[in-house]
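Comments concern the structure below.
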Amino acid sequence: MFKFIFEILTDPLGLPIEWYWEYLILAVIGAAAYAVAYRCVGDMYSGGEPVLVVEQIMPVKLLINVSETYFTQVKKGAPVAVKLDVYGDEPFEGYISLVYPTVDPNTRTFPVEIKLANKDRRVRPGMFARATLNFGTKNNVVVPDLAIVKQSGSGDRYVYVYKDGKVTYNKVELGRRMGAEYELISGVPDNSRVVIAGQTKLVNGMEVEIAVSD
């Protein structure tokens, strides 16, 4: 239940009180939420804006969209580090309160709801925030984007790997793109030597020589 407190204020313009009354409307929800609206007797309401807005700020919710790549790694209750532009690099602690079950087919992302306790009430609705979800660390192979070969007629990706005088045509699973490099989830062993030019002239198992230019 909302508890409404109405207080009639004195007229700041010195007009007769029956001509101009100003009301301060204060809505309290467990002393954790509030909203203030000023209205005058005789004001016209067009319906375009709400008469009163009640906002709960303890806690506050943050809604972000996460790539479907991480769908299996995002768990309810997991901690989240949040930074707000207005507070610079100061971190705020939050946690994942809801993971939406559907993926947007256009953006290939799914919504995730984050809650901040906000006991000091410093975070307000409308502020711009950045959230960091920590999935731990994982060591994967990284190759130049020039090494990636797309097979015609399919979405498969391959990389030519050089070993013992021959090249092999290795099917790879791509991870993130990081500038001019790709993360490989699988397909190429660590410390391998890969071909980044002239792949159209190669076939699987072909013997090659590495040319060293001055």
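The values are calculated or read from the model by the stated rules, or taken from the named source; none is laboratory data. Keep in mind it's a predicted model, so treat the numbers as computed, not measured. Quick reminder, even Gly has a Cβ in these numbers, built from the backbone with ideal geometry, and neighbours come from all protein chains shown.
Observations, loosely collected:
- Subset of the range 64-91 [hydroxyl-bearing (Ser, Thr, Tyr) and loosely packed, with under 12 Cβ neighbours inside 10 Å]: Thr72
- The single residue among Leu63, Leu84, Leu52 that is touching an Asp or Glu at 6+ places or on another chain (Cβ under 6 Å), within 19 Å of Pro125 (Cβ to Cβ), modelled with pLDDT under 95 and of a type in the set (A, V, I, L, M) turns out to be Leu63.
- Pairs where the first residue, in the range 163-184, is closer than 24 Å to Glu209 by Cα and the second is among the charged types (D, E, K, R) and crowded, with 16+ Cβ neighbours inside 10 Å, C-beta under 9 Å, 6+ apart: Lys171/Arg157; Val172/Arg157
- Val142 meets each of the listed conditions (1) in contact with a helix residue (DSSP H, G or I) (Cβ under 6 Å, 6 or more places away or on another chain); (2) touching a residue at least 40 places away in the same chain (Cβ under 8 Å) apart from (1).
- Residue check, Met127 surrounded by fewer than 13 Cβ atoms within 10 Å (Cβ to Cβ) and within 22 Å of Val66 (Cβ to Cβ): no
- Val172 meets all of the listed conditions (1) exposed (fewer than 14 other Cβ atoms within 10 Å of the Cβ); (2) touching a Leu at 6+ places or on another chain (Cβ under 6 Å) but one, namely (1).
- The combined condition, being touching a strand residue (DSSP E or B) at 6+ places or on another chain (Cβ under 9 Å) and surrounded by 17 or more Cβ atoms within 10 Å (Cβ to Cβ), is fulfilled by Val159.
- In this entry, Tyr182 is excluded by the filter for residues that are touching a strand residue (DSSP E or B) at 6+ places or on another chain (Cβ under 6 Å), over 23 Å from Tyr70 (Cα atoms) and either surrounded by 16 or more Cβ atoms within 10 Å (Cβ to Cβ) or among the aromatic types (Phe, Trp, Tyr) (or both).
- Top-ranked residue in the range 118-152 [being small (Gly, Ala, Ser), within 22 Å of Val99 (Cα to Cα) and not in a strand (DSSP E or B); ranked as modelled with the highest pLDDT]: Gly126
- Selected residue [hydrophobic (A, V, I, L, M, F, W, C), at pLDDT below 90 and over 16 Å from Asp145 (Cβ atoms)] from Val203, Val167, Val212: Val212
- Residue match in the range 115-127 (condition: small (Gly, Ala, Ser), over 16 Å from the mean Cα position of the chain (by Cα) and on the phi > 0 side of the Ramachandran plot): no
- Listed conditions (1) out of contact with any Leu (no Cβ under 8 Å at 6 or more places or on another chain); (2) modelled with pLDDT of 65 or more are all met by Val112, apart from (1).
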